[in-house]
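Q: Below is one structure. I have some questions about it.
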Amino acid sequence: MAFVASRPEPTLPAPVAAAGVLGWLRQNLFSSPINTLVTIIVLYAIYRIVDPLISWAFINAVWTGTSADACPDGHGACWAFVRARFRQIVYGDYPLDQLWRINVLYAIFAGGLVALMYPRTPGRKWVGLFMLTGFPVVAFLLLVGGVFGLRFVGTNNWGGLMLTLVVAVTAIVGSIPLGLILALGRRSEMKAIRSVSTAFIELWRGVPLIAVLFMASALFPLFTPEGVNFDKLVRTLLAFAIFSSAFMAEVFRGGLQAIPRGQYEAAKSLGIGYWKMMGYVILPQAIRHVIPALVNTCIGIFKETTLVLVIGLTDLLGVIQLGLSDTDWIGGGHIYASGYLFAGLAFWAFTFGMSRYSIHLERHSVSGKNQALQTL
Amino acid sequence: MNEAQGAAMIEIRDVHKWFGDFHVLKNINLTVAKGERIVICGPSGSGKSTLIRCINRLEAHQQGNIIVDGIELTDNLKQIDAIRSEVGMVFQDFNLFPHLTVLENLVLAPHLVRRMPRAEAEEIAMNYLGRVRIPDQANKYPGQLSGGQQQRVAIARSLCMSPKIMLFDEVTSALDPEMVKEVLDVMIGLADEGMTMLVVTHEMGFARTVANRVIFMDLGQIIEENEPRAFFEAPQHERTRNFLEQILSH
Ligand SMILES: Nc1ncnc2c1ncn2[C@@H]1O[C@H](COP(=O)(O)OP(=O)(O)O)[C@@H](O)[C@H]1O
Ligand SMILES: [Mg+2]
């Protein structure tokens, strides 16, 4: 016999899950004797690791001093080393009286990024345009100098965080448009364009970055005509941007493949041409699909910039490495550990920032808001 | 352009098309006059979609001529885009742009293709949203609408380009039964205003009341063509009779 409703049922609120921190703890960590035992063992293990780490990094650490003598064995971390080297870490070997030029760039860079991340910045579009076109020019003129009464500073004096950012930003900003074009090329209906794009991507993707860098620094000059002399840094930047674009291209291709054929057909049937169809219909959707992979690639590129070490450029990690081989600082393992820990934390701070921003972007796009038409 | 009374909006002459070795359209001949409403029916896979997709060159034919509003379809990309902006098309699965609001979906093409100022394009868009009876959904995203509403938005999106011809490819097949009527009503309204329409559909009620001519396709050929009353009451061909029996029997 079937059950048939004999009266209208009342509409009830959904049952609530166990409330509060205590409820969560009880349910997840102490729900049974065995669970409780495991929780206690794990907490003890964490304590045994964290306690000495805190003693080493803070309580027993050495904060001041000018040489390795300040950090004898038996003490904790040697932050004195990082402090003594801090100027090189941030500015490289840039002339002391010219540091303001880098400071100005740091300020514009940070200000621009914050303005771009905040969705309600007035004139956000123009800020973005400036950061992509004006800023690189300003940065180039300020850093190199030799014009407007600015003293010329050769790239052999560049280093530290400044160099890391120059390489990373150039590689990332350069590889995104190049990668997009390659991805579109690889999906082109014209066979010649498709083959060239595919060959380019597969070639650069298959070579180790270290080999590319060695080629850029050692092999490349052999092939350029007499008298033409590219700066080593310029060659490195080109190599990085091109190498990274192959990976970007594959990220974008993944996004393009996720767009159903009907989207192309709808756009075409409205008379929208290829480039506008890509710019307004296909890419906004495709890029949204690949934000996590895109940021993943950016983080990878950022960390790979440390490889410039092998061709004699001293980026943030390179400066610390150089400092550790300074005779003043030859000493115990604490100095080494402190230097590399600091380098790791510095890189982590940047990449973690990127990761958080990507999460923010995803949320933002899930909520469905889109600026594509507002730029019309 | 040919503006004479009864002049051909679409002329299809001796058209053949192959997908690889598969001969999908065989010797198609069809002339559609201005304001004519043609319903195309036939079994699945008979080439109905391919035929109407050739008219705005989503598919390219390999033999014969297709002339739309006086312009012959060739590889000339400029001409193709020009024809596409005058030929609206509505698809079975709507194909709205999911990252844009309903209003933005409607404004996009007039703005990009016709370079219409945004305010003017929005005014026209709101006007068409009113005609398909969903002006209150303008700021929603397509994913927030029902299938019937999405399909009406898709029709309005095409109309915003002021097309001279509208192509409909099984536009009610993906809809729940209770939404079919709201979409058909919009199409009947368009027909009443004199739009030139090619409609692939199995809605035989619609064919009976709206079409000037009904075309039956099978295996890539036009087998039968007649005005609706004769088509339904006295089909000439065995295959047409079988097909009609099948779709009318339930
Ligand atoms: N892009 C394509 N490539 C190869 N075969 C296709 C393609 N599109 C359609 N076909 C084939 O062509 C035939 C006709 O398809 P279609 O025009 O969609 O038929 P209908 O719309 O009448 O159901 C079918 O057999 C289908 O499998
Ligand atoms: Mg079909």
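The values are calculated or read from the model by the stated rules, or taken from the named source; none is laboratory data. Here the structure is a predicted model, which means the values were calculated and not measured. Ideal geometry is used to build each Cβ from the backbone, glycine not excepted, and the neighbour counts take in all protein chains shown.
Q: Given (1) closer than 30 Å to A:M278 by Cβ; (2) more than 16 Å from ligand 2 (Cβ to nearest atom), identify the lone condition not met by B:G64.
A: Of the numbered conditions (1) closer than 30 Å to A:M278 by Cβ; (2) more than 16 Å from ligand 2 (Cβ to nearest atom), the odd one out for B:G64 is (1).
Q: Looking only at residues in segment B:147-170 that are within 16 Å of ligand 1 (Cβ to nearest atom) and touching a helix residue (DSSP H, G or I) at 6+ places or on another chain (Cβ under 6 Å), which one is farthest from the other protein chains (Cβ to nearest Cβ)? Even if it seems obvious, please write down each step before you answer.
A: Initially, segment B:147-170 is screened for residues within 16 Å of ligand 1 (Cβ to nearest atom), giving B:167-170.
When the remaining residues are screened for being touching a helix residue (DSSP H, G or I) at 6+ places or on another chain (Cβ under 6 Å), the result is B:167, B:169.
Working: B:L167: 8, B:D169: 10 Å.
For segment B:147-170, the residue satisfying everything is B:D169.
Q: If you take the residues in segment B:24-61 that are more than 16 Å from ligand 2 (Cβ to nearest atom) and touching a Cys at 6+ places or on another chain (Cβ under 9 Å), which one is farthest from B:E238 (Cα to Cα)?
A: The selected residue is B:A60.
Q: Would you mind finding the one in B:K164, B:K140 that is away from ligand 2 (no atom under 16 Å from the Cβ), charged (D, E, K, R) and within 13 Å of the chain's Cα centre (by Cα)?
A: B:K164
Q: Another one. Can you tell me which residues in segment B:117-139 are part of a loop (DSSP other than H, G, I, E, B) and under 11 Å from B:R157 (Cβ atoms)?
A: Just the residues of segment B:117-139 that are part of a loop (DSSP other than H, G, I, E, B), to begin with: B:117, B:132-134, B:138-139.
Passing the criteria: only B:V132.
Q: State the number of residues belonging to segment A:294-347 that are hydroxyl-bearing (S, T, Y), buried (at least 21 other Cβ atoms within 10 Å of the Cβ) and closer than 22 Å to A:A218 by Cβ.
A: Number of matching residues: 2.
Q: Right, something else. Residues of segment B:72-102 being closer than 21 Å to B:V15 by Cα and in contact (Cβ under 8 Å) with a residue 60 or more places away in the chain, which ones?
A: Correct list: B:V87, B:M89.
Q: Scan the strands (runs of 3 or more DSSP E) fully inside segment B:1-116 and keep the ones with 2 or more residues being within 14 Å of chain A (Cβ to nearest Cβ) and closer than 30 Å to B:E227 by Cβ.
A: B:87-90
Q: Shifting gears a bit: List pairs: first in segment B:168-196 and in a loop (DSSP other than H, G, I, E, B), second within 16 Å of ligand 2 (Cβ to nearest atom) and of a type in the set (K, R), Cβ under 9 Å, 6+ apart or cross-chain?
A: Hits for this filter: B:E170/B:K48.
Q: Out of the residues in segment B:63-88 that are among the aliphatic types (A, V, I, L, M) and touching a helix residue (DSSP H, G or I) at 6+ places or on another chain (Cβ under 7 Å), state the one that is farthest from ligand 1 (Cβ to nearest atom).
A: Let us first name the residues in segment B:63-88 that are among the aliphatic types (A, V, I, L, M), namely B:66-68, B:71, B:73, B:77, B:80, B:82-83, B:87.
So of that shortlist, the ones also touching a helix residue (DSSP H, G or I) at 6+ places or on another chain (Cβ under 7 Å) come out as B:66, B:68, B:71, B:73, B:87.
Numbers: B:I66: 15, B:V68: 19, B:I71: 23, B:L73: 17, B:V87: 17 Å.
In this case the residue turns out to be B:I71.
Q: I would also like to ask the following. Pairs please, first residue from segment B:130-146 and within 11 Å of chain A (Cβ to nearest Cβ), second anywhere and aliphatic (A, V, I, L, M), Cβ atoms under 6 Å, 6+ apart in sequence or on different chains.
A: That search, which allows pairs on different chains as well, returns B:K140/B:V102; B:P142/B:L96.
Q: Also: Restricting attention to segment A:264-287, which residues are at the interface with chain B (Cβ under 7 Å from one of its Cβ atoms), surrounded by fewer than 21 Cβ atoms within 10 Å (Cβ to Cβ) and assigned to a helix (DSSP H, G or I)?
A: Residues satisfying the conditions are A:E265, A:K268, A:K276, A:P284.
Q: Could you list all residues from segment B:11-62 that are within 12 Å of ligand 1 (Cβ to nearest atom), charged (D, E, K, R) and farther than 26 Å from A:A267 by Cβ?
A: Matches in segment B:11-62: B:D21, B:K26.
Q: Given A:L361, A:L373, A:L341, which one is modelled with pLDDT of 90 or more, part of a helix (DSSP H, G or I) and not β-branched (V, I, T)?
A: A:L341
Q: Would you be able to say whether some residue in segment B:174-182 is within 16 Å of ligand 2 (Cβ to nearest atom), within 14 Å of chain A (Cβ to nearest Cβ) and within 17 Å of the chain's Cα centre (by Cα)? Can you show your working first?
A: Step one: filter segment B:174-182 for residues within 16 Å of ligand 2 (Cβ to nearest atom), giving B:174-175.
Narrowing the set further to residues that are within 14 Å of chain A (Cβ to nearest Cβ) leaves B:174.
Subsequent filtering for residues that are within 17 Å of the chain's Cα centre (by Cα) retains B:174.
Taking every residue of segment B:174-182 in turn, at least one turns out to be within 16 Å of ligand 2 (Cβ to nearest atom), within 14 Å of chain A (Cβ to nearest Cβ) and within 17 Å of the chain's Cα centre (by Cα).
Q: Out of segment B:178-207, which residues are surrounded by 18 or more Cβ atoms within 10 Å (Cβ to Cβ) and acidic (D, E)?
A: B:E182, B:E203
Q: Same structure again: Are any residues in segment A:185-196 in a helix (DSSP H, G or I), surrounded by fewer than 21 Cβ atoms within 10 Å (Cβ to Cβ) and not β-branched (V, I, T), and if so, which ones?
A: Across segment A:185-196, the qualifying residues are A:G185, A:K191, A:A192, A:R194, A:S195.
Q: Would you call B:Q236 within 16 Å of ligand 1 (Cβ to nearest atom), more than 14 Å from every other protein chain (Cβ to nearest Cβ) and over 20 Å from B:Q92 (Cα atoms)?
A: no
Q: Of the residues A:G179, A:G159, A:G154, A:G146, only one is over 18 Å from A:D231 (Cα atoms) and either touching a residue at least 12 places away in the same chain (Cβ under 8 Å) or of a type outside the set (K, R) (or both); which?
A: A:G179
Results for (1) more than 20 Å from A:E362 (Cβ to Cβ); (2) crowded, with 22+ Cβ neighbours inside 10 Å, shown as yes or no for each residue.
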position	(1), (2)
A:I210	yes, no
A:M215	yes, no
A:L219	yes, no
A:D231	yes, no
A:A239	yes, yes
A:A249	yes, yes
A:G254	no, no
A:G262	yes, no
A:P292	no, no
